[in-house]
Amino acid sequence: MNKARHIAIIMDGNGRWAELREQKRVKGHEAGAKVVRAITEFCSCDKDIERLTLYAFSTENWKRPRLEVEFLMKLLQKYLDSELENYLQNNIRFEPIGDIRAFSKSLRQTIQNVKEKTAHCDGLVQSLALNYGAHDEILRAVNKIKNSQDDITEAMLGNALDCKHNVDLIIRTGGDKRLSNFLLWQAAYAELFFTDTLWPDFTTNELEKIIKDFTKIERRFGGLK
Ligand code: FPP
């Protein structure tokens, strides 16, 4: 039986969720943050799940209206401030990925603080992808190792990435069927699940069902059974 050791989620549909309720888009992000908490806690209780990587802010998200970007930054700050206790209680290690140099100093400090304070936790690893894009991640990795005397190997490049772990299962909520520059290297053999559910409506029950379906898939990794 397959185990979904590393699950990654493209959390899409916050804006539409809010618009359907005639609310401002940011209300959808607020509701989405609560679901991040619930899904993370659920995964931390499942011993088979080692990593949960969540696409929280992409390198392309800067193109959104300034006020929405500012709201997302504040929400992230608030989330991390209030989550530290929860991470520690649930033995969750926080390992962000992405290039956070573009964030404000105080947000960078908060991110660093949560990372350091949870570094000893050996339960679930929750990675938030922050100012993350797979192309950017790969380019930064290539630049780190480009002066190597030897030819670059798959292992060398893989180890220079922010996220050094292959993904087993990628879920995208919100109905679209694309990867949107998320974990392109690590997803080489990932199983992809798409659901129409908007992220704020996504539940632990639906995740449980997707994981159950995943466990039944025959994964051959390019070989034969
Ligand atoms: C996509 O919804 C979601 C995002 C751009 C960011 C994800 C953010 C959250 C889930 C909330 C904050 C997270 C944390 C960790 C505090 P969308 O706005 O693209 O939705 P749409 O496709 O309906 O417009």
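The values are calculated or read from the model by the stated rules, or taken from the named source; none is laboratory data. Predicted model, so just to flag it, every value in this text is computed and none were measured. Positions of Cβ are backbone-derived with ideal geometry, glycine not excepted, and every protein chain shown enters the neighbour counts. The protein model used for the area step is the full one, side chains on, heavy atoms only, and it has no ligands, DNA or RNA in it. Shrake-Rupley method; radii C 1.70, N 1.55, O 1.52, S 1.80 Å.
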### Query
Residues Thr110, Thr53: which one is surrounded by 19 or more Cβ atoms within 10 Å (Cβ to Cβ) and more than 17 Å from the chain's Cα centre (by Cα)?
Thr110
### Query
What residue, among those in segment 56-102 that are in contact with an Asp or Glu (Cβ under 9 Å, 6 or more places away or on another chain), within 11 Å of the ligand (Cβ to nearest atom) and under 27 Å from Ala160 (Cα atoms), is least open to solvent (accessible area, probe 1.4 Å)?
Phe94
### Message
Looking at (1) farther than 14 Å from Phe202 by Cβ; (2) of a type in the set (Val, Ile, Thr); (3) more than 12 Å from the ligand (Cβ to nearest atom), which one does Ile7 not meet, given that it meets all the others?
### Response
(1)
### Query
Which of the residues that make up segment 94-114 are within 27 Å of Trp185 (Cα to Cα) and not in a strand (DSSP E or B)?
Glu95, Pro96, Gly98, Asp99, Ile100, Arg101, Ala102, Phe103, Arg108, Ile111, Gln112, Val114
### Task
For Asn2, state whether it is more than 13 Å from the chain's Cα centre (by Cα), part of a loop (DSSP other than H, G, I, E, B), surrounded by fewer than 20 Cβ atoms within 10 Å (Cβ to Cβ) and more than 12 Å from the ligand (Cβ to nearest atom).
yes
### Asn166 being under 16 Å from Tyr55 (Cα atoms), open to solvent by 50 Å² or more (accessible area, probe 1.4 Å) and at pLDDT 95 or above
yes
## Note on the structure
Taking first residues from segment 64-81 that are within 15 Å of Val114 (Cβ to Cβ) and second residues anywhere that are within 8 Å of the ligand (Cβ to nearest atom), the pairs with Cβ under 6 Å that are 6 or more apart or on different chains are Leu75/His29; Leu75/Ala33; Tyr79/Ala33
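Those residues that are outside any loop (DSSP other than H, G, I, E, B) and either closer than 18 Å to Tyr55 by Cβ or of a type in the set (A, V, I, L, M, F, W, C) (or both), I need them from segment 78-93; list them, please.
Residues satisfying the conditions are Tyr79, Leu80, Glu83, Leu84, Leu88.
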### Message
Tell me yes or no: at least one residue of segment 27-47 is open to solvent by 20 Å² or more (accessible area, probe 1.4 Å), free of Cβ contacts under 8 Å to residues at least 40 places away in the same chain and outside any loop (DSSP other than H, G, I, E, B).
### Response
yes
### Query
Across segment 192-202, what is the total count of residues that are open to solvent by 50 Å² or more (accessible area, probe 1.4 Å), within 16 Å of the ligand (Cβ to nearest atom) and closer than 13 Å to Ile9 by Cβ?
1
### Query
Residue check: is Ala129 under 27 Å from Gln77 (Cα atoms) and within 16 Å of the ligand (Cβ to nearest atom)?
yes
#### Entry: Every pair of residues 6+ apart whose Cβ atoms lie under 6 Å, when the first sits in segment 167-191 and is under 19 Å from Gly98 (Cα atoms) and more than 16 Å from the ligand (Cβ to nearest atom) while the second is in a loop (DSSP other than H, G, I, E, B) and among the small types (Gly, Ala, Ser)
Val167/Ala187; Val167/Ala190
### Query
Considering segment 169-184 alone, what residues qualify as being in contact with a helix residue (DSSP H, G or I) (Cβ under 6 Å, 6 or more places away or on another chain) and either among the acidic types (Asp, Glu) or open to solvent by 60 Å² or more (accessible area, probe 1.4 Å) (or both)?
Leu184
### Message
The conditions are (1) under 21 Å from Leu84 (Cα atoms); (2) open to solvent by 20 Å² or more (accessible area, probe 1.4 Å), and Glu22 fails exactly one of them. Which is it?
### Response
(1)
### Message
Quick check on segment 208-223. Is at least one of its residues closer than 25 Å to Glu95 by Cα, open to solvent by 30 Å² or more (accessible area, probe 1.4 Å) and not aromatic (Phe, Trp, Tyr)?
### Response
yes
